[in-house]
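The structure appears below as structure tokens.
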Amino acid sequence: MSITVNGIDELKKLAGSDLGASDWIEVTQDRIDTFADATGDHQWIHVDPERAAAGPFGAPIAHGYLTLSLFIPLFTELLDVQGVTTKVNYGLNKVRFPSPVKVGSRIRLVGKLSDVEDVPGGVQITVDGTIEIEGGAKPAAVLQSLSRFYV
């Protein structure tokens, strides 16, 4: 369920708040193959289901950066900031990939708005995110994301 705020002042009031969890999405072989084509990373562990089945994870796995790239669509399910002119992905402070995402797995984002600070023309938010694997003992990714919202 998305939290909607209107403007920077409302966003500032959310600092320190849990944002909840996104819906689950399935990581399909088609999505993995498309990402491989877009990035040129065709390592067999991702794109060769037969060989990957005999590999260390028993199935193809998503690229770590594919998992990371899904942060934005998952995050938009958690927080909708209205009343700003521009929304910019500013970067990451840290990222870890504790567990691989096997093809067919479902993942979701759990987020916390840990900080909102003023920057020239707007604010920068820090989101602590965990991309969970349904039924998994460890998350697929743990990250701290920075975004800027300009008025």
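The values are calculated or read from the model by the stated rules, or taken from the named source; none is laboratory data. Note that the coordinates shown come from a computational prediction; the quantities given were computed from them, not determined experimentally. Here the Cβ positions follow ideal geometry from the backbone for every residue, glycine too, while neighbour counts run over all protein chains shown. Ligands, DNA and RNA are stripped out before the accessible areas are found, and what is left, the full protein with its side chains, is counted by its heavy atoms. Shrake-Rupley method; radii C 1.70, N 1.55, O 1.52, S 1.80 Å.
Using C-alpha pairs below 8 Å separated by at least 6 residues, the relative contact order for region 1-89 is 45 percent. Averaged over its residues, the chain has an accessible area of 52 Å² per residue, based on protein heavy atoms and a 1.4 Å probe. Of the residues 125, 73, 99, the one whose Cα sits farthest towards the positive end of the charge dipole of region 1-129 is 99 (charges of +1 on Lys and Arg Cβ, -1 on Asp and Glu Cβ, taken about the Cα centre). To the nearest ten degrees, helix 29-39 and the longest principal axis of the Cα atoms of the chain are 70 degrees apart. Leaving ligands, DNA and RNA out of it, report the carbon-plus-sulfur percent of the accessible area of the chain at a 1.4 Å probe. That share works out to 50 percent. Across the chain, the relative contact order, built from alpha-carbon pairs under 8 Å that are at least six residues apart, equals 30 percent. Note: relative contact order over region 66-151, using C-alpha pairs below 8 Å and six or more positions apart, is 38 percent. If the cut-off is 12 Å between C-alpha atoms, which aspartates and glutamates fall inside it for residue 112, apart from same-chain ones fewer than 8 positions away? Result set, ordered by chain and number: 18, 128.
Could you tell me the calculated FRET efficiency between residue 24 and residue 144, based on Cβ-Cβ distance and R0 = 25 angstrom, to the nearest 0.05? FRET efficiency, residue 24 to residue 144: 0.65.
If only the Cβ of Lys and Arg carry +1 and only the Cβ of Asp and Glu carry -1, the dipole of the chain around its Cα centre is close to 300 debye. Scanning residues 5 or more positions from residue 133 or on other chains, those with amide H under 5 Å from its amide H are 140, with H placed 1.01 Å from N in the peptide plane. Spin-label pair residue 115-residue 137: with each label point 7 Å from Cα along the Cα-Cβ axis, the two points sit 3.4 nm from one another.
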